[in-house]
Every structure is written in structure tokens, then in C-alpha cells.
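Undergrad: My questions will all concern the structure given below.
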Amino acid sequence: MTPATEKEIVKLPNDQDASGRTFGAEEIAAVTDVLTSGVLITTKGKYGKMLEEEFARKLGVKYAYACNSGSAAVHVAIAAINPNPGDEIVTTSITDMGALTPIIFQGAIPVFADVDPKTLNVTAETIERVLSEKTKAIIVTHLFGNPCEMKAIMELADSRNIPVIEDTAQSFMAMCDGKYAGTIGKIGAFSFQQGKQMTTGEGGIVVTDDDEIARRMYLFINKAWGYGDPNPDHYFASLNYRMTELQAAVSYEQLKKLDHSVAQRQKMAALLDEKIKDIDGIESYKPVEGSTMTYWKFCLRVDDTKIEDGSVGLSKALKTYDVASAPRYVVKPAYKCMVFRDQNTFGDSHYPFNLARPEAVDYNDDNFPGTIKGLHDVLVLPINERYEEKHIEFLADSIREAVAQVKK
Ligand SMILES: Cc1ncc(COP(=O)(O)O)c(C=O)c1O
């Protein structure tokens with residue numbers, strides 16, 4: 001075994017700077033075009049519309065509306081469903097906070113479903129356990145580029161007539177039984193934040209095939225102003241969630257590179273999988289039957305009966321090879337965050353939690369065994385479209401050597 005200190009370190013492309021991103025002459029030309037035109041607002045410019053049309057065409061949906069973050073995209077989706085205060089929205093105990101707080105801002109109660117510890121995704125079974133008469137929608141997050149079991153989830157949701165919102169922020173172009181993630185439920189919400197499969201720094205987009213939902217989403221992004229209507233008004237409470245033309249120009253060019261981004265991630269992930277599959281004590285995440293993964297990150301399950309200090313121990317060992325990894329992903333389940341635990345919302349009202357059924361906000365760990373186990377075991381490794389074989393070889397060797405260091 002080569003000690004980390006003697007090993008030649010290969011610097012891995014980082015999605016937080018140019019080394020791991022694909023900005024080039026195309027994005028620069030598009031941004032220059034916007035600035036030269038002097039039109040920076042998407043209600044007047046061309047790039048916002050071009051992005052929306054192209055995104056909808058690529059996913060095979062009727063409508064796509066750009067907005068200024070993935071959090072905004074989730075908020076727009078919830079607002080389109082239009083819950084009454086105190087209605088329940090089933091979501092996951094493991095996701096980005098941007099997928100959760102919009103529920104509160106629309107006056108609904110987030111009801112957390114447990115996850116499968118092998119994927120950290122919700123399942124039909126974990127969702128069914130927390131459905132109630134008050135469930136107004138289900139939000140599924142396809143984590144790490146790995147789709148949830150959509151066939152079973154849609155069967156359940158359809159049988160109860162509950163709309164499904166797919167948070168596809170991390171899973172652009174992942175497939176579920178021949179359809180793209182984000183196009184299976186009523187609404188798909190995406191994020192173009194810095195580290196995603198395509199990016200414009202901060203940005204997002206929502207998609208749907210439903211005419212009424214589309215209208216409400218468009219309005220919610222645009223202060224509910226009826227642009228082009230005979231008697232326009234501000235029809236309901238909403239916000240300005242518009243993307244700028246500068247963001248749209250970059251996203252439009254990034255969208256042209258999305259297929260390459262996804263294909264390269266898949267190719268490199270397959271190579272890494274192959275190289276580490278025989279290592280005892282770790283196991284990579286696998287898609288459910290009928291699905292494909294698009295690898296926002298590359299995740300391992302670390303067996304702490306075989307590896308000293310489990311995912312934390314392996315992460316520390318990998319650091320000696322200059323490989324940054326994240327044990328426990330978001331570190332703790334969402335329901336343990338102060339916003340939910342202490343119901344820190346509007347003034348001292350605790351609204352909307354003051355409207356909740358006690359069972360809906362029972363945040364006892366005993367209700368979330370999959371969440372506790374899954375977070376304990378997961379180690380999130382970096383990957384992006386700039387990875388080449390030399391990076392994967394270095395990463396695989398580093399993992400092998402790091403595991404040997406911390407093997408029990
Ligand atoms: C699954 C998921 N949902 C929602 C969001 C929120 O997106 P944004 O950071 O663009 O607001 C993110 C984070 O980027 C995410 O990973």
C-alpha cells in the first residue's frame with residue numbers, strides 16, 4: 001500500500017470553480033449578447049423564452065417556466081397546487097432545505113416520510129405510512145441523480161388522487177421506466193445552482209403538462225400579474241421569482257451541453273463502480289429497477305462493522321489523499337433542524353405548525369429508522385462532467401487504499 005504522503009495526488013475537477021464546470025466561449029458570447037442588447041429582464045428579452053421552449057422540448061413536456069432558484073421552483077410548484085392553511089404536504093426527511101421551507105411559506109404542514117436507507121429516497125411504503133385525509137400533495141426528491149421508485153409512488157398517489165411534485169434538482173435527465181424524472185408527476189422542479197448537472201449559478205425551472213397548473217406557475221413567478229390579458233390584475237398573493245436574461249443566457253447554453261454532462265458523469269461513474277466493486281465494506285448506490293442515474297454525486301454505503309468509524313472514518317482517510325467527501329450528506333434529518341424542531345416561522349406564532357395534527361409533526365427518531373441508518377452509512381463523493389479516466393483511476397486507488405487504512 002502506498003502511504004498517502006508518497007502518493008502522487010491528482011487534483012480532482014471541482015464543481016465550485018472553473019475546473020469542474022463547462023463554461024466557455026458560448027456562455028460568454030450569450031452573456032455579451034444580453035449586455036449589448038441592454039435587455040436584462042426576461043419579460044422583454046429572448047433568452048428566457050428560448051430556455052423555456054428548449055427545456056420543455058428536451059423533456060417532452062408542454063410547459064417550462066424559468067425562475068431564480070431551485071427553492072423558488074419548489075415554491076412555485078406548491079403554490080400552483082394551492083393548499084389551504086394547515087393542509088399537509090408529504091415530503092422527505094433528507095433533502096435540501098430549499099425543498100422544504102416553501103411548504104411553510106404556503107401555509108402547509110411538511111409531513112416527513114422516512115427513506116430507504118440504501119438510497120436515501122422516499123418509497124411508496126414510507127409515503128403511505130404518513131398519508132392522511134389532509135394530504136394535499138406529495139413531494140419526492142430524487143437524490144444524488146438517483147430517481148425514487150416512481151412506478152409504485154404514482155400508483156399510490158393516483159389511487160388517492162394526490163398530485164406529486166418531483167424535486168429533480170439533482171437528477172437532470174435521469175430516466176424512470178422510459179420517462180424523464182421530473183415529467184412523471186404533476187410538476188417537476190429543477191435547480192440550476194452552481195454544482196448541478198447544468199448551472200447558471202443560481203436558477204431553476206418548473207415543468208408540467210397540465211394547463212391550469214402551468215397558468216398558476218407562470219403567474220406565481222410573475223407577481224400574479226396577467227400579462228396580455230384583456231383586464232390584467234394581480235390575481236393572488238405571489239412573488240417576483242423571475243430569472244434574469246443573464247442567467248437565462250447561461251442556462252440556455254448550458255442546456256446544449258447537458259447531454260454531454262450526463263453521459264460523461266454516467267461513463268465515469270460506471271468506471272468507478274467497476275474499479276471499486278470488489279472492495280469489502282463499501283457499496284455504491286444503485287438505481288431501482290427500470291431507472292437510470294445521472295450522478296449529481298457518487299454515493300457509497302459504508303459498513304461500520306467492517307470500517308473503523310464507518311463513513312466518518314473513511315472520509316478522514318480519504319482526506320489524506322486530498323479527496324473531499326461528505327459523510328452523512330446533510331448531517332442530520334430535516335426534522336431535527338431548528339426551523340422544524342422549534343417551529344421558528346413567523347413572529348412567535350409557530351404558524352402554520354399551530355394548525356397541525358400532533359401525529360403529523362411527531363419528530364421522534366423512532367419514526368425514521370431508514371433516515372437514521374441511511375445518513376449514518378452514506379459517504380458522498382464528488383463527481384462531475386470534467387472527470388476523466390485519470391481522475392477515476394486516482395479516486396478508485398485512493399478509495400482502495402483509504403479503506404485498507406481503516407479496515408477493522
Ligand atoms: C434536492 C434539492 N432541492 C432543492 C434545492 C434548492 O435549490 P436552490 O439551491 O437552487 O435554491 C436543492 C439545492 O440546490 C436540492 O439539492
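Undergrad: Of all residues in the stretch 275-305 being of a type in the set (S, T, N, Q) and under 30 Å from Phe190 (Cα atoms), which is farthest from the chain's Cα centre (by Cα)?
TA: In this case the residue turns out to be Ser284.
Undergrad: May I ask you to list the residues in the stretch 215-253 that are in a helix (DSSP H, G or I), of a type outside the set (D, E, K, R) and crowded, with 23+ Cβ neighbours inside 10 Å? It would help to see each step written out before you state the result.
TA: Narrowing the stretch 215-253 to residues in a helix (DSSP H, G or I): 215-221, 245-253.
Remaining after also requiring of a type outside the set (D, E, K, R): 217-221, 246-252.
The answer is Met217, Phe220, Ile221, Gln247, Ala248, Ala249, Val250, Ser251, Tyr252.
Undergrad: Under 6 Å between Cβ atoms, at least 6 apart or on separate chains: pull out the pairs that start in the stretch 201-224 with a residue that is within 17 Å of Ala56 (Cβ to Cβ) and end on any residue that is surrounded by fewer than 16 Cβ atoms within 10 Å (Cβ to Cβ).
TA: Final answer for the pair search is Asp209/Lys62.
Undergrad: Considering only residues of the stretch 56-74 that are crowded, with 24+ Cβ neighbours inside 10 Å and more than 14 Å from the chain's Cα centre (by Cα), which is nearest to the ligand (Cβ to nearest atom)?
TA: Only one residue tops the list, namely Cys67.
Undergrad: In the stretch 162-172, is there at least one residue being within 16 Å of the ligand (Cβ to nearest atom), aliphatic (A, V, I, L, M), more than 30 Å from Tyr351 (Cβ to Cβ) and surrounded by fewer than 24 Cβ atoms within 10 Å (Cβ to Cβ)?
TA: no
Undergrad: Output the number of residues of the stretch 183-200 satisfying the condition of being near the ligand (Cβ under 8 Å from one of its atoms) and either charged (D, E, K, R) or outside any strand (DSSP E or B) (or both).
TA: Of the residues in the stretch 183-200, 4 are near the ligand (Cβ under 8 Å from one of its atoms) and either charged (D, E, K, R) or outside any strand (DSSP E or B) (or both).
Undergrad: Considering only the stretch 6-20, I want to know if a residue exists there that is away from the ligand (no atom under 16 Å from the Cβ), over 20 Å from Gln254 (Cα atoms), assigned to a helix (DSSP H, G or I) and modelled with pLDDT under 95.
TA: Initial filter on the stretch 6-20 (away from the ligand (no atom under 16 Å from the Cβ)): 6-14, 17-19.
Add one more test, that the residue is over 20 Å from Gln254 (Cα atoms), and what stays is 6-12.
Then drop every residue that is not assigned to a helix (DSSP H, G or I), which leaves 6.
In the following step, the residues that additionally are modelled with pLDDT under 95 were identified as 6.
Taking every residue of the stretch 6-20 in turn, at least one turns out to be away from the ligand (no atom under 16 Å from the Cβ), over 20 Å from Gln254 (Cα atoms), assigned to a helix (DSSP H, G or I) and modelled with pLDDT under 95.
Undergrad: OK, next. Consider Gly145 carefully, then state whether it is within 11 Å of the ligand (Cβ to nearest atom), small (Gly, Ala, Ser) and surrounded by fewer than 24 Cβ atoms within 10 Å (Cβ to Cβ). I'd like the intermediate steps shown before the answer.
TA: Numbers: within 11 Å of the ligand (Cβ to nearest atom): yes; small (Gly, Ala, Ser): yes; surrounded by fewer than 24 Cβ atoms within 10 Å (Cβ to Cβ): no.
Taking the combined requirement at face value, the residue does not satisfy it.
Undergrad: Here's a follow-up. Go through (1) more than 16 Å from the ligand (Cβ to nearest atom); (2) under 29 Å from Asp259 (Cβ atoms); (3) surrounded by fewer than 24 Cβ atoms within 10 Å (Cβ to Cβ) for Asn82 and report which single condition fails.
TA: (2)
Undergrad: Now for a different question. Among (1) more than 11 Å from the ligand (Cβ to nearest atom); (2) of a type outside the set (Asp, Glu); (3) under 23 Å from the mean Cα position of the chain (by Cα), where does Gly203 come up short?
TA: (1)
The values are calculated or read from the model by the stated rules, or taken from the named source; none is laboratory data. Just so you know, these numbers come straight off a predicted model, no measurement behind them. In this analysis, Cβ positions are derived from the backbone assuming ideal geometry, glycine residues included, and neighbour counts consider all displayed protein chains.
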